[in-house]
Structure formats: C-alpha cells, structure tokens
Amino acid sequence: MRVELVKRPQRSALFSALSPFIALLLTLLAGAVMFLFLGKNPADALYYFFIEPLLETWSLHELAVKAAPLILIGVGLSICYLSNNWNIGAEGQFIIGAIAGSILPVAFPGFQSPIVLPLMLVMGIVGGAAYAGIPAWLKARFGTNEILTSLMLVYVAQLFLDWLVRGPWRNPEGFNFPETRNFHAYAILPEIWPASGRAHWGFVFAILAALVLWFVLSRTLKGFEVKLIGQSPRAGRFAGFSRSRMIIFAFLVSGALAGLAGISEVSGAIGQLRPAISPGYGFTAIIVAFLGRLNPLGIIAAGLVLALSYLGGEAAQISIGVSDKVARAFQGMLLFFVLACDTLIHYRIRVSRRLVAKPIEAPAGHA
Amino acid sequence: MLESILITIATAATPLLIAAMGELVVERSGVLNLGVEGMMIMGAITGFAVALTTGSVWLGVFAAILVGAAFALIFGFLTLSLVTNQVATGLALTLFGLGLSGMLGEGFVGRPGLRLGRIDIPFLSDLPFVGRLLFGQDPLFYVSLLLTAAVAYFLFATRAGLMLRAVGDNHTSAHAQGINVVAVRYLAVMFGGACAGLAGAYLSLVYTPQWVENMTAGRGWIALALVVFASWRPWRVVAGAYLFGGVTIGQLHAQALGVAIPSQLLSSLPYLATIAVLVIISRNRRLTMMNTPASLGRPFVPER
C-alpha cells in the first residue's frame, strides 16, 4: 500500500473553509493526549482551558484585551505573507511602537491635554512602521534576507526597552523598580464599557483594521498587486508592479499595525512601560495569520481563538495546576496542524494498493 | 588572560558551529529549515534533564541528539511528505520547541546541572600558550571540528555528497537521474536536527550548565545567518562561528570591565553584527546567487 499526493486541478474550496477547523480539532485531540501524559483528566483540562474563560463577562473582556494585539499584528502580517515578505519581527515592531508612543507621557509628563492620546497613537504607528522599514529597506536595496534581519531586531528592541526602563526612563518615584512612571489620565486609552470590564479601544482598532484590510485585499487593485506579486513575481513584473515598492509597502503596513498594537497595549492595558510588555504577541500573531488563512476576517476569529489559549493557560494553572506554559506548546502545535491541513487544499491524498510498478504511460500533452 | 579569553571564545563558537554545520547540509539538499532555534532549545532541555536524572552527561548528549533529530522528522514529514511551506513550518517548529521546552523545563529551573568535563590530552595540553587552547578543551569542541572536516569531505569528495548537492541544486534533474529526492532530503533534515540538538546540549551541559527558559537566545537564528555568511561552505562556517564567538565574549568582557556603555547595548552587539554581516554578504549579489543551492526552499512532489 502506498500513500501519495495528487495535485488538484484547482484549489479545493471545501477544504479552504474546512482546514482551520480540522486543525483546531486535531490540536484539541493532541492536547487531550498531552494532558493525559501530564496526569490530568483531559476532559476537565480542556473544559478549563477552552470553555471556562468564556462563561464570565470580565473574562470575555480579558479575551478582547488579548485578542486586540493578536488581530492587529496578524492582519498586518497577512499583507506581508501574501506578498511573500517574511516579516517575523513583529514583536520588535510592537515594542518600538510602544516606546515611541510612550515618549509624551513618560518624558513630558507635564504636557497634559486631550490631544496627547491621539499623538501617542500616531507616534506608536510611526515608530512601528519605521522599525519595520529597516529590514524592508535592507531587503529592497541589498537583497538581505528579511527573515533573519527582522528577527534579530526583536532582540535589539527588547534590550533597548530594558535599558530605557532601568535607565533614563525609570520612574523617579518608583523605589528603583525597573518601570516608567504611570501614564497620566490623558494618556490612557479608555475602556469600551468601563462598567463591565477591562476591554479597551484597541479591540475596536483591531476590528476596524481587519475590515479595512479585508476591503483593500479583496476589492482594490492594491490588494490584487499584493497577491499577484506573492504568487508570481514574474507575472507581477509584467503587470508593471514594482517588487521593491511592495516590500516597503508590506513591511510599513504590518509595522504600523504592530506599533499601534504596542502603544494600545501599553496605554490601554498596562499603563506604563516595563521590561516585558508582551507575552510573545508578535510571534503568536504569526500563528493567528496562518490560522486565519491570511484573510483579515478569518484573522479576527483566529485572534480570538489564540487569545482564548492565553486565557485558558492562566485558568488551567489556577484550577488544575498545570503550568501556563502549556499554552505556548499548544499554540505551536496548532500551527503545525494548520499547515498540515492546508495540504488538503492543493492536494488529494490517494491510497493505492499497487505493488507492481505501473507501466510507463505515453506523455500526455506537455511533460 | 588572553589565553582564557580565547578558550571562552571557543566555547561560545562551538554551539554555533555545530548547529550551523547541520543546517548547511540541510540547505545544501535544498531545504530551508528555520526551526533550528526550536530544535536547539529542545536539545538543551533534553540534555540537561536526562543528564540530571540519570547522572550521566553523555546520556544527556545522546538524548539531545535523538530529540533534535525527532523534531526535525516532524518538520521533514510536513515539508517533504505534505509539501507545506518550508518557511512557515520552520517557524512552527521554533515556536513549538520554545513552548514545549518551557513546559518540560519548569521543574528544572534553578537546579544546578552537570557539566561535561574537559579532556586533557597528556603532554600536549601542557604546552605553553596553545596547549590548553588546542588540546585541553571539552570533547564537543573536537567533535565540532571533526564534524566540519567530515561535512566538507562528504559534500565535496564523496558520491553521496554529490548526490545531495545535485538534489539541492536541481531536484527535477536529480529525480530524473534516479535519485530519491525525498529520501535524501529526509536524511539531510534529520542530520540537521541531530546537530541542532547537540548544539543545544552544549549550551546546557558545557557553556552554562543550567536550564533557563529561552536559553538559546537567538543562537539558532544566528546559526542560520552563519550559513548564509559562509555562502554554504563548511570551513567558512568555522570562521563565522569564531567571529561571532569573539563578539559575544568580547562584549561580556567589556561588561565585566565596567565599560561606560550600557550593558544592553553591548548585549545587542551579536544581533547587530549578524545584521551587518548579512548586509555585507548580500551586497555582493553575484557571489550569493552563485553559491545559493538553486532549489533552496522550493517544494518537490515527484511526478509519477
């Protein structure tokens, strides 16, 4: 018996829609096995992981808090990945966006006015975009591998933030803790429904960004350009699209959104800068982008799923005493299954019992 | 003083060298595995945990090699049998490895580990100046150099090496020649995983004998950059690895001496150096084009 892949004449619409769900199901199964090995009742564990966080209002708010950066970064990355630009440094762009956006409330705390918050958001966007511009420019100008440069810049950004909060930006009244002063009232991104929970406007930005990018990708020439250059650079060149401009465009858009995510997180959820402001949102957003099949609307759903895995990790730690690190392992596993299931979109799996070699057929049409 | 600095440079360079040498073979076969960091961190936790629980450092080293290869097998199954995108799958391997190692390693945080002792080659290691440097290192230092020689010999002086390079340069022609492209790539990918696992074990059993989450700190990615830096030639990887070892150790010594530069800036030097090196290499486009395995990253499905 042999198993082989047979290329479909065209991509399967059925499996395009179904593959993320198959992947989620397989991840849950694998997760159940993992919990069994950890000596926990799998049904209980999965309940605490994926159901319990959805039962309380405050917890739904937390879900929106965690989903906001994941969706914002994920939709930006989808532009990059669709155009074949491998930006994996969103974590760094998130951090630099947060730092750039925090300049006003931290370095000029006396400047208090309703205009501070909009300025912070713009500065965060510019900061993230500028930081993403470095690997983009290096790739467009010298052909430098953007995967490695964008990732190296994550470490540089983390160290830069660490230096700021321990050095020049340390809170003068903070008893030497490595953190900046708390943002003043004008610098706080407001909550959506303060009465019921912590969800801030970052979640609204995320939904808006996803809708706008969905429109751009599916209904405009720019969206066509993104996808054409990604699928066939040669055809893109014939159509008169510039590859290097697309590199810059894709990186700037995704960097800007990562920067917005960074400043929203700091100003909406944390309220100051600390040495660690992200539990790996920039990397988890890569999983979000693929689980959402690089479609901004799908990415909204995918962002909520992965936000749930963060919450579930915390909930499971409290209720059944498994480490919240389980969540990270879960997330990595999910990406494997997503990628494996995507194979079904382009290929059929044929199981044949042929044992003797098939006689050579006459070449049909082109070889 | 200088001698001890040179010795520490060797310990910083060895894991980079081992991991990069594995990835070089993988890329020469036309596969880009971005999961080096993930396989390396799994090697680090496996090596540490097995050594600590069994009391045998060597058992830890072998377990790390096996786990690295097993992790690479997951990558191989996805990219070679299911023809998934190699970049995305490699990233998945890294994310999964970082997550899983954090989970498995939780009970080992802060526990003193075992260290792989160095071996003294009698008489030679007593030579002045070079003795300790060349003949009194840990065993894996010698393994890393032997590995380089073996890979160089294998790739450029054996028939199997020629086949592997053929697969990497043009998988369609290699297939037409009757070479089993997928099988060759499976073997190369698993060799790469074994090397990454060994490099991880080096970190947790020689370089700093303890377990810290994310202790690879980007070394897997630097190893990937080294392969590009070396334009896919084994001996140039040695030069690159020692250059980076030098930068790493140099900045550590500068920190210890209390140079008036923020320690974070010094710590970021290896990463900035990686970027600088990549830019310098890629500016010479012809050289890069000439040396890059032509099928690198391209999927292959045998036509039947």
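The values are calculated or read from the model by the stated rules, or taken from the named source; none is laboratory data. Because the structure is predicted, anything quoted here is derived from the model rather than measured. Ideal geometry is used to build each Cβ from the backbone, glycine not excepted, and the neighbour counts take in all protein chains shown.
Things to note:
- Residue, surrounded by the fewest Cβ atoms within 10 Å (Cβ to Cβ), within the range A:285-341, restricted to residues that are in contact with an Asp or Glu (Cβ under 9 Å, 6 or more places away or on another chain) and under 25 Å from A:LEU211 (Cβ atoms): A:ARG293
- Test: residue in the range B:256-268 that is away from chain A (no Cβ under 13 Å), without any contact (Cβ under 8 Å) to a residue 12 or more places away in the chain and in a helix (DSSP H, G or I): yes
- Residue in the range B:217-228 that is farther than 30 Å from A:ASP324 by Cα and more than 18 Å from the chain's Cα centre (by Cα) present: no
- Just one of the listed residues (A:GLY282, A:GLY303, A:GLY298) is away from chain B (no Cβ under 14 Å), part of a helix (DSSP H, G or I), of a type outside the set (Asp, Glu) and under 28 Å from A:VAL156 (Cβ atoms), namely A:GLY303.
- Evaluation of A:LEU28 against the conditions (1) outside any loop (DSSP other than H, G, I, E, B); (2) closer than 26 Å to A:LEU344 by Cβ; (3) within 14 Å of chain B (Cβ to nearest Cβ); (4) in contact (Cβ under 8 Å) with a residue 12 or more places away in the chain shows that the sole unmet condition is (3).
- Qualifying positions in the range A:267-277 - buried (at least 24 other Cβ atoms within 10 Å of the Cβ) and outside any helix (DSSP H, G or I): A:LEU273
- Inter-residue pairs, beta-carbon under 7 Å, first farther than 30 Å from A:ALA23 by Cα and in the range A:340-360, second at pLDDT below 55, 6+ apart: none
- As a summary of the residue check, B:ALA149 satisfies the conditions (1) buried (at least 18 other Cβ atoms within 10 Å of the Cβ); (2) at pLDDT 95 or above except for the one numbered (1).
- Filtering the range A:170-181 to residues that are of a type outside the set (D, E, K, R) and closer than 10 Å to A:LEU273 by Cβ leaves A:ASN171, A:PRO178, A:THR180.
- Exactly one residue among A:PRO233, A:PRO296 is on the phi < 0 side of the Ramachandran plot and within 21 Å of the chain's Cα centre (by Cα), and that residue is A:PRO296.
- Taken over the range B:228-242, the residue count meeting the criterion of being in a helix (DSSP H, G or I) and touching a residue at least 40 places away in the same chain (Cβ under 8 Å) is 9.
- Among residues that are in contact (Cβ under 8 Å) with a residue 40 or more places away in the chain and within 11 Å of another protein chain (Cβ to nearest Cβ), B:TYR271 is included.
- B:TYR186 in contact with a helix residue (DSSP H, G or I) (Cβ under 6 Å, 6 or more places away or on another chain), part of a helix (DSSP H, G or I), surrounded by fewer than 24 Cβ atoms within 10 Å (Cβ to Cβ) and away from every other protein chain (no Cβ under 14 Å): yes
- Test set (1) away from chain B (no Cβ under 14 Å); (2) farther than 21 Å from A:VAL212 by Cα; (3) in contact (Cβ under 8 Å) with a residue 40 or more places away in the chain; (4) not β-branched (Val, Ile, Thr) - A:ALA235 fails condition number: (3)
- In this structure, B:ILE280 does satisfy being facing chain A (nearest Cβ under 10 Å), among the β-branched types (Val, Ile, Thr), surrounded by fewer than 14 Cβ atoms within 10 Å (Cβ to Cβ) and in a helix (DSSP H, G or I).
- Positions within the range A:306-353 being of a type in the set (D, E, K, R) and either touching a Lys or Arg at 6+ places or on another chain (Cβ under 7 Å) or facing chain B (nearest Cβ under 8 Å) (or both), in sequence order: A:LYS325, A:ARG328, A:ASP342, A:ARG348
- Residues of the range B:97-120 that are more than 14 Å from every other protein chain (Cβ to nearest Cβ) and at pLDDT 70 or above: B:GLY110, B:ARG111, B:PRO112, B:GLY113, B:LEU114, B:ARG115, B:LEU116, B:GLY117, B:ARG118, B:ILE119.
- Members of the range B:201-227 that are in contact (Cβ under 8 Å) with a residue 60 or more places away in the chain, within 14 Å of another protein chain (Cβ to nearest Cβ) and either in contact with a Leu (Cβ under 8 Å, 6 or more places away or on another chain) or not in a loop (DSSP other than H, G, I, E, B) (or both): B:ASN214, B:MET215, B:THR216, B:GLY218, B:ARG219, B:GLY220, B:TRP221, B:ILE222, B:ALA223, B:LEU224, B:LEU226, B:VAL227
Rundown of residues vs (1) within 14 Å of chain A (Cβ to nearest Cβ); (2) surrounded by 24 or more Cβ atoms within 10 Å (Cβ to Cβ); (3) under 14 Å from the mean Cα position of the chain (by Cα), yes/no style:
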site	(1), (2), (3)
B:GLY22	no, yes, yes
B:GLY35	yes, yes, yes
B:VAL83	yes, no, no
B:ALA92	yes, yes, no
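- Screening the range B:240-252 for residues that are over 14 Å from the mean Cα position of the chain (by Cα) and among the hydrophobic types (A, V, I, L, M, F, W, C) and picking the one that is farthest from B:THR292 (Cα to Cα) gives B:LEU252.
- Pairing each residue of the range B:98-119 that is at positive phi with any residue that is modelled with pLDDT of 85 or more, provided the two are 6+ apart or on different chains, yields C-beta distances under 8 Å for B:GLY110/B:GLN210.
- Within the set A:PHE238, A:PHE283, A:PHE224, the sole residue that is closer than 25 Å to A:THR149 by Cα and of a type in the set (Phe, Trp, Tyr) turns out to be A:PHE283.
- Residue in the range A:168-181 that is modelled with pLDDT of 95 or more, closer than 28 Å to A:GLY110 by Cβ and not β-branched (Val, Ile, Thr) present: no
- Subset of the range A:139-184 that is more than 9 Å from every other protein chain (Cβ to nearest Cβ) and on the phi > 0 side of the Ramachandran plot - its residue that is farthest from the chain's Cα centre (by Cα): A:PHE175
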